[in-house]
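Below: one structure, written as structure tokens.
A short reminder: the numbers here are calculations on the coordinates, not readings from a lab. Only a predicted model underlies this, so the values are computations on that prediction, with no experimental measurement involved. Here the Cβ positions follow ideal geometry from the backbone for every residue, glycine too, while neighbour counts run over all protein chains shown.
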């Protein structure tokens with residue numbers, strides 16, 4: 001499916017040396033993604049080299065950006081087909097992974113993928129705001145991540161409640177993120193976060209990625225997250 005030599009080369013260019021076993025698992029992941037995509041809408045990206053760059057390498061940049069402790073707990077909020085966290089967990093098998101998505105069909109896909117790849121993960125069918133209020137998930141994670149189209153104000157309210165104090169929320173966003181991030185500053189502070197930095201990357205195909213890192217410095221008020229309709233109608237400001 002994917003060209004393993006190409007995947008190895010583009011990863012090495014980013015300072016990540018993948019083993020043959022990791023490359024085999026990514027290859028199988030790509031096969032399952034394309035197979036399942038014929039049954040349910042998982043991705044518009046199905047060409048092997050595009051999967052390698054725009055799904056796998058793009059996801060693995062997270063490991064360059066964030067130092068996750070050994071055995072660290074990660075939750076991927078609105079994970080879709082498992083990006084960005086599952087490729088990271090294939091490279092870092094010590095990570096304890098939770099995949100959260102609101103569509104049960106995607107959860108079924110993730111359960112099969114993790115089983116096929118022999119990668120343990122907790123797959124949860126729930127909306128982000130429901131998960132954020134669940135005591136078993138709230139403020140339990142070293143890292144919450146999302147590769148999503150929601151604005152930073154909305155995304156912060158969905159994701160920061162999962163992060164324990166001292167942990168990180170990493171949002172994979174577009175390259176030009178400054179204006180959106182400026183609008184979200186007050187909301188991030190209100191939710192117990194502090195903007196740490198924005199890292200910018202250019203992928204081999206020329207596409208661009210901004211990774212926003214927010215440190216959790218205090219507990220999130222139990223008022224948040226609010227119901228989704230309220231988050232969309234009245235974003236925090």
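Of the three principal axes defined by the Cα atoms of the stretch 66-186, the extents in descending order read 42, 31, 31 Å.
Rg ratio for the chain: its Cα radius of gyration over 2.2 N^0.38 Å, N being its residue count, equals 0.96.
By other beta-carbon atoms within 10 Å, ranking 56, 83 with the fewest at the front produces 83, 56. Computed across the stretch 118-207, the Kirkwood hydrodynamic radius from all distinct Cα-Cα pairs reaches 14.3 Å.
Counting only DSSP beta bridges with both residues in the stretch 71-233, tell me the antiparallel percent, nearest 5. About 45 percent, rounded to the nearest 5. The angle between the Cα long axis of helix 178-190 and the longest principal axis of the Cα atoms of the chain comes to about 50 degrees, rounded to the nearest 10.
Shown for the stretch 190-237 is the translational diffusion coefficient from the Stokes-Einstein equation, using the Kirkwood radius over Cα pairs, a temperature of 4 °C and a viscosity of 1.567 mPa s: 97 µm²/s.
Report the FRET efficiency, 1/(1 + (r/R0)^6), for residue 186 and residue 229, where r is their Cβ-Cβ distance and R0 is 22 Å, rounded to 0.05. My answer for the efficiency is 0.55.
Between helix 20-37 and the chain there is an angle of about 70 degrees, using the helix long axis and the longest principal axis of the Cα atoms. Compute the long axis of helix 104-116 from its Cα atoms, compare it with the longest principal axis of the Cα atoms of the chain, and write down the angle in degrees, 0 to 90, nearest 10. In the chain, helix 104-116 runs at an angle near 50 degrees to the longest axis.
At R0 = 30 Å, how high is the FRET efficiency between residue 219 and residue 149 if r is their beta carbon distance? Nearest 0.05 is fine.
E(calc), rounded to 0.05, equals 0.60.
In the calculated pair-distance distribution of the stretch 16-119, the portion above 20 angstrom amounts to 33 percent of the Cα-Cα pairs.
Apply 1/(1 + (r/R0)^6) to the Cβ-Cβ distance of residue 47 and residue 104, taking R0 = 35 Å, and write down the FRET efficiency to the nearest 0.05. Walk me through the numbers on the way to the answer.
On the way: r = 28 Å, r/R0 = 0.79.
According to the calculation, E is roughly 0.80.
Taking other Cβ within 10 Å of each residue's Cβ, how do 98, 222, 43, 79 sort, fewest first?
222, 43, 98, 79
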